[in-house]
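Chemist: For reference, the structure I am asking about is given below.
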Amino acid sequence: MELLVLVKFILATPWLIYLGVRDYRTRQLPNLFTLGGAAVMLVIAFGADFQYGLNSLIAGGLCALFLLLPFFLRAAGAGDVKMLFASGIIAGPGNVLNLILLISFAGLILALVMLVLKAVDSARLKHYLRCMFDFRYDRKAGRAALPSPEAEACRVPFGVAISCGLFINLSLQVLAVYFAG
């Protein structure tokens, strides 16, 4: 299994860099790379051990479930869900919660940095904060003045956060394998 961790790290790193950069530039994650990465890692996982491959497939499904509700609420794209599915397969069984936590923190940091650099429009965040804390705020008028959720200025490229979270997860796996034994 030590070799499997290293192989996953080596194969996933260029994939993560490509998809992270592609999502940041175009806000699109192509199926060829998201599902292709999942297929390659499933072949490797099933090649290592059938039970490990099956557990990796389950881990990928659990990770994809994490973004299912935001996907239905149009807060996440289908490419993000597919990339998270592939990331769960790559991270492997036993790493789902760690992966989700790392991706969530990476997404939070990415969103805050983009807000500070004014790379995304903060109108929606201001609206929600005023709805929560200002009882005099006219919610209906505020909602009408918001930009469209599909507008480029409102979208955070979550593929970057998935890439960062999975890279950190794989790095921790490599460190655990090589410093534990």
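We did not get these values from a lab; they are worked out from the coordinates using the rules stated. Since the structure is predicted, the reported quantities are computational estimates derived from the model, not experimental observations. Please note: Cβ atoms are built from the backbone with ideal geometry, for glycine as well, and neighbour counts cover all protein chains shown.
Chemist: Explain nothing, just the number: dipole magnitude of segment 58-136 about its Cα centre with +1 on each Lys and Arg Cβ and -1 on each Asp and Glu Cβ, in debye rounded to the nearest 20.
Modeler: Rounded to the nearest 20 debye, it is 300 debye.
Chemist: Using mean Cβ contacts within 10 Å as the protection proxy, how do 88-95, 2-9 order, highest first?
Modeler: 88-95, 2-9
Chemist: Output the DSSP H helices from the chain with an along-axis C-alpha extent of no less than 18 Å and a mean Kyte-Doolittle hydropathy no less than -1.0.
Modeler: Taking the DSSP H segments of the chain (at least 18 Å long, mean hydropathy at least -1.0), we get 2-26, 31-48, 50-66, 78-91, 96-116, 158-180.
Chemist: Another question, then. Summing -39500 (n - 2.57) over the DSSP H runs of n ≥ 4 in the chain and dividing by its residue number, what mean residue ellipticity at 222 nm do you reach, to the nearest 500 deg cm²/dmol?
Modeler: Mean residue ellipticity, 222 nm, calculated: -25500 deg cm²/dmol.
Chemist: Right, another one. Cα atoms only: what Rg and Dmax, in Å, come out for segment 17-71?
Modeler: Every Cα atom of segment 17-71 included, Rg and Dmax give 13.2, 38 Å.
Chemist: Below 22 Å, Cα to Cα, which lysines can Lys82 reach? Residues fewer than 8 away in the same chain don't count.
Modeler: Leaving aside lysines fewer than 8 places away in the same chain, those within reach of Lys82 are Lys8.
Chemist: Another question, then. Between Ala76 and residues 5 or more places away or on another chain, which pairs have amide H atoms under 5 Å apart, with H built 1.01 Å from N, and which residues are they?
Modeler: Phe71
Chemist: Over every pair of different alpha-carbon atoms in segment 106-181, take the mean of 1/r and invert it; report that Kirkwood radius in Å.
Modeler: Averaging 1/r across every pair of different Cα atoms and inverting gives 15.0 Å.
Chemist: Next question, about the same structure. When only alpha-carbon atoms count, how far does segment 13-118 stretch along each of its three principal axes, as whole angstroms with the largest first?
Modeler: Reported extents, whole Å, longest axis first: 47, 25, 24.
Chemist: Can you list the lysines whose alpha carbon is less than 21 Å from that of Lys140, not counting same-chain residues fewer than 8 positions off?
Modeler: Lys126
Chemist: Can I ask one more? Using the alpha carbon gyration tensor of the chain, what are the three equivalent-ellipsoid semi-axes (square root of 5 times each eigenvalue), largest first, in whole Å?
Modeler: Semi-axes (√(5λ), whole Å): 35, 15, 15.
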